[in-house]
1. Would segment 139-150 turn up any residue that is under 23 Å from E56 (Cα atoms), modelled with pLDDT of 95 or more, out of contact with any Phe, Trp or Tyr (no Cβ under 9 Å at 6 or more places or on another chain) and not aliphatic (A, V, I, L, M)?
2. What are the residues in segment 49-77 that are assigned to a loop (DSSP other than H, G, I, E, B), of a type in the set (A, V, I, L, M, F, W, C) and either modelled with pLDDT under 95 or within 19 Å of F126 (Cα to Cα) (or both), if any?
3. If you scan segment 115-151, which residues turn out to be in a loop (DSSP other than H, G, I, E, B), over 17 Å from T70 (Cβ atoms) and acidic (D, E)?
4. Only residues that are under 14 Å from G139 (Cα atoms), of a type outside the set (V, I, T) and touching a helix residue (DSSP H, G or I) at 6+ places or on another chain (Cβ under 8 Å): list them for segment 207-217, please.
5. Output the residue which, of all residues in segment 51-95 that are of a type in the set (D, E, K, R) and within 24 Å of I30 (Cα to Cα), is farthest from the chain's Cα centre (by Cα).
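The values are calculated or read from the model by the stated rules, or taken from the named source; none is laboratory data. The model shown is predicted, which means the values in this text are computed figures rather than measured ones. We place every Cβ from the backbone using ideal geometry, glycine too, and count neighbours over all the protein chains shown.
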Amino acid sequence: MPKYAHDTVVPFKESDQSKKQQVAVMFDKIAFRYDFLNRFLSGGIDVWWRKKAIRELKALKPVQVLDVATGTGDVAILTQKMLQAGKITGVDISEGMLAIGRKKIKKLALEDKIELQKGDSENLLFADNTFDAITVAFGVRNFQNLEKGLAEMQRVLKPGGKLVVLEFSRPKQFLFKAVYNLYMKTIAPGFGELIARNKDAYQYLNDSVQRFPEGKDFVSILDNTGYKSTYSKILTFGICSIYCGSK
């Protein structure tokens with residue numbers, strides 16, 4: 001039985017596939033326009049959000065970093081540039097997204113620093129206590145089983161290691177909230193259909209954001225999963241949030 005409301009939100013409502021399978025198919029379909037649409041729909045502020053999240057690891061100076069739901073590798077690449085980590089491993093269930101990420105990494109000559117692998121966030125193929133830090137940007141909403149994914153990431157974190165989650169949230173200020181809802185419900189899916197030829201993916205984005213346990217609720221889930229020293233930070237009037245927890 002799904003435990004959280006967003007668990008039941010899927011990209012293709014008529015499909016018999018599991019959420020995990022549907023998410024992989026969805027990202028394979030939009031991979032060719034994913035980076036462009038991220039920059040276009042956010043006005044480029046998504047890059048600033050990612051940088052803010054990575055800065056939460058600056059004091060830790062991690063050597064081994066895991067980027068879960070790495071997609072096309074943006075966070076992995078930024079982490080290498082900003083923190084000069086020894087090795088960054090990115091995992092994602094979409095081979096289409098990973099293929100684009102590998103091309104970017106090759107172009108930047110970072111193959112010896114960043115490795116992208118196909119993998120399931122809820123069944124990580126790494127030993128216990130492997131990584132100094134784990135990042136997830138806009139990925140936890142897509143987990144089929146949120147707590148299982150969080151528990152798996154905690155398992156592969158070293159003691160003293162830190163998880164940083166970047167995820168969409170919902171603005172609370174009335175006027176800004178109204179504009180945001182119009183944008184997410186109508187404009188973003190419209191551009192998704194026009195540019196990526198896939199309205200479902202950007203409709204799913206809105207539906208899953210609206211039903212995701214954000215703010216204090218997500219921090220409580222981190223607490224209940226065993227993370228320590230948890231906290232959250234709101235970005236850009238609440239459009240996005242950073243969540244952190246340590247092992």
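1. No, because not a single residue in segment 139-150 is under 23 Å from E56 (Cα atoms), modelled with pLDDT of 95 or more, out of contact with any Phe, Trp or Tyr (no Cβ under 9 Å at 6 or more places or on another chain) and not aliphatic (A, V, I, L, M).
2. Passing the criteria: V63, A69.
3. Hit for segment 115-151 is D128, nothing else.
4. Passing the criteria: S208, F212, P213.
5. E95
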